[in-house]
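The values are calculated or read from the model by the stated rules, or taken from the named source; none is laboratory data. Just so you know, these numbers come straight off a predicted model, no measurement behind them. With ideal geometry, Cβ positions are generated from the backbone for all residues, glycine too; neighbour counts draw on all protein chains shown.
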Amino acid sequence: MSYPVEQWLTTIETEIQALFGKGRVADYIPELAGVPPRQFGMAVAMIDGTHHSVGDAHVPFSIQSISKLFTFVLALKLVGDDIWQRVGREPSGKAFNSLVQLESERGVPRNPFINAGALVVTDILTSRYAHLDLALLNFLRRLTDAPDLNWDVAVARSERDTSYRNMAIAYFMKSFDNFANAPETVLDNYCRQCATEMTCAQLAQAAMFLANDGLDIGSGDQVLSREAARRVNALLLTCGAYDAAGDYAYRIGLPLKTGVGGGIVAVVPNIGTVSVWSPELDAKGNSLIGGYALERLMQLSGWGQMSLTM
């Protein structure tokens with residue numbers, strides 16, 4: 001089926017202009033505080049191989065917590081369902097960097113996409129890979145066919161130098177024996193993965209296997225089984241937007257992952273993927289304009305309703 005995607009994207013780009021200035025960049029990470037806020041890009045990749053984009057869709061940005069999706073997939077491929085012995089799969093209802101639930105739940109994070117859960121996932125991968133940063137980059141390079149894809153050294157250093165709360169979370173989980181490696185080593189890996197730079201177009205391409213029953217169209221690799229891809233999408237729908245996951249499920253209705261760099265990648269099962277970037281964040285740490293753009297795309301396309309019935 002042919003869709004007027006370019007028309008939809010042009011409409012959205014026009015409408016979002018009035019929203020600039022209503023959010024703020026992630027200034028608690030010093031290197032991100034200087035990102036020019038008035039930027040917007042959006043890319044759509046279809047499983048039929050067509051691509052569409054608008055605005056700053058080819059400008060690299062720090063993917064931050066979107067990296068948690070790809071490290072989780074790597075860990076799932078490595079250890080399978082054993083991962084659920086160390087991390088849950090429920091929405092947290094708390095801020096992404098909260099320590100509150102870890103006390104009552106004895107060091108087991110609610111899901112892989114909050115900071116505590118992502119640190120456990122990184123700990124699992126740190127035990128398996130001597131150079132986790134290269135393993136993740138190689139995985140993303142294969143998915144995007146972009147051999148020069150890399151992480152930003154300055155952003156990683158800036159984030160690592162201010163990771164006091166994440167370090168506290170790591171040590172707290174270690175006190176419950178839910179951490180195998182030295183927290184300092186895991187934090188080094190975690191900050192490098194968050195500092196990965198990608199464009200909207202690359203992100204949409206990288207997540208395509210989740211729209212296509214686990215099969216990467218570009219390489220023909222079965223990244224995940226069909227069942228595993230379905231389960232990852234379920235977790236993205238319920239846990240992918242921090243403590244705004246319920247609101248995003250209600251407004252947008254797609255599996256997605258957000259990041260404080262201002263990016264969002266969303267999956268439309270059996271149709272394609274959408275990535276949007278605008279660095280101004282709302283109070284929950286999600287891209288203010290990005291959330292609006294995705295909601296508007298679902299209104300224009302009706303894809304959310306279609307994907308739920310397929």
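Laid out as a table, the results:
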item: Those residues of the range 261-301 which are closer than 15 Å to residue 26 by Cα, of a type in the set (Gly, Ala, Ser) and touching a Leu at 6+ places or on another chain (Cβ under 8 Å), in sequence order; result: 261, 262, 263, 278, 287
item: Residue list for the range 82-136, restricted to those being out of contact with any Leu (no Cβ under 7 Å at 6 or more places or on another chain), charged (D, E, K, R) and over 14 Å from residue 242 (Cα atoms); result: 82, 86, 103, 105, 106, 123, 133
item: Qualifying residue in the range 44-52 (condition: small (Gly, Ala, Ser) and either assigned to a strand (DSSP E or B) or free of Cβ contacts under 8 Å to residues at least 24 places away in the same chain (or both)); result: yes
item: Helices (runs of 4 or more DSSP H) within the range 195-310 that include 1 or more residues touching a residue at least 12 places away in the same chain (Cβ under 8 Å) and surrounded by fewer than 19 Cβ atoms within 10 Å (Cβ to Cβ); result: 226-239, 245-251, 288-301, 303-309
item: Flag if residue 125 is among the aliphatic types (A, V, I, L, M) and in contact (Cβ under 8 Å) with a residue 60 or more places away in the chain; result: yes
item: Matching residues in the range 235-269 - criterion: being modelled with pLDDT of 95 or more and on the phi > 0 side of the Ramachandran plot; result: 253, 262
item: Failed item, numbered, when residue 258 is tested on (1) closer than 17 Å to residue 114 by Cα; (2) more than 17 Å from the chain's Cα centre (by Cα); (3) not charged (D, E, K, R); result: (2)
item: Residue in the range 48-68 that is under 27 Å from residue 7 (Cα atoms), polar (S, T, N, Q) and surrounded by fewer than 20 Cβ atoms within 10 Å (Cβ to Cβ) present; result: yes
item: Residue in the range 138-153 that is in contact with a Leu (Cβ under 9 Å, 6 or more places away or on another chain), within 23 Å of residue 210 (Cβ to Cβ) and hydroxyl-bearing (Ser, Thr, Tyr) present; result: yes
item: Any hit, the range 28-40, residues being surrounded by 13 or more Cβ atoms within 10 Å (Cβ to Cβ), modelled with pLDDT under 95, among the β-branched types (Val, Ile, Thr) and out of contact with any Leu (no Cβ under 6 Å at 6 or more places or on another chain); result: yes
item: Extreme residue, farthest from residue 274 (Cα to Cα), among residues of the range 9-23 that are in contact with a helix residue (DSSP H, G or I) (Cβ under 9 Å, 6 or more places away or on another chain) and not in a loop (DSSP other than H, G, I, E, B); result: 19
item: Contacts under 8 angstrom Cβ, first residue in the range 165-186 being within 17 Å of residue 95 (Cα to Cα), partner exposed (fewer than 13 other Cβ atoms within 10 Å of the Cβ) and hydrophobic (A, V, I, L, M, F, W, C), 6 or more apart; result: none
item: Identity of the residue in the range 192-240, of a type in the set (Ser, Thr, Tyr) and in contact with a strand residue (DSSP E or B) (Cβ under 9 Å, 6 or more places away or on another chain), that ends up nearest to residue 273 (Cα to Cα); result: 199
item: Matching residues, the range 149-164, being under 20 Å from the mean Cα position of the chain (by Cα) and exposed (fewer than 14 other Cβ atoms within 10 Å of the Cβ); result: 153
